[in-house]
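**Student:** Got a structure here, written out as structure tokens. Questions coming.
No value in this document is a laboratory result; all are computed from the given coordinates. As the structure is a computational prediction, the values presented were derived from the model and not from experiment. Cβ placement follows ideal geometry from the backbone for every residue including glycine, while neighbour counts extend to all protein chains displayed.
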Amino acid sequence: MAKIGFTYAGIHSNDIPAVVNSIKRNAINISENMQEVPAKIGGYFFGNSVGTRSFDINITLMGKSETERV
């Protein structure tokens with residue numbers, strides 16, 4: 001069964017004492033692939049290009065001292 005959480009720098013969030021404060025899901029860039037034809041009205045549609053989706057995750061690392069959080 002897969003772990004629920006995130007992995008950063010090879011460390012999973014379940015392996016460290018962390019609290020997720022917020023998650024922001026950024027919009028995906030979608031652009032149309034159109035080819036205009038000279039001397040004709042309109043163009044040819046070749047589908048959409050879908051970009052990557054990114055997430056901004058704000059977390060708090062729990063620890064009693066600075067050395068425990070590093």
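**Student:** Just want the ordering: Ser13, Ser54, from fewest to most Cβ atoms lying within 10 Å of their own Cβ.
**Tutor:** Ser54, Ser13
**Student:** Relative contact order of the stretch 7-69: what whole-number percent is it, with Cα pairs under 8 angstrom and at least 6 residues apart?
**Tutor:** Worked out over the stretch 7-69, it gives 39 percent.
**Student:** A follow-up question, please. Calculate the dipole size of the stretch 7-69 relative to its Cα centre from +1 charges on Lys and Arg beta carbons and -1 charges on Asp and Glu beta carbons; express the result in debye to the nearest 20.
**Tutor:** Here the size comes out at about 120 debye.
**Student:** Tell me the label only: which of (1) 16.4; (2) 13.0; (3) 13.7 is Kirkwood radius over Cα pairs in Å as calculated from this structure?
**Tutor:** Read-out from the structure maps to (1).
**Student:** Which length gain, in nm to one decimal place, applies between Ala27 and Tyr44 when the Cα-Cα distance is subtracted from 0.36 nm times their residue separation?
**Tutor:** 3.5 nm
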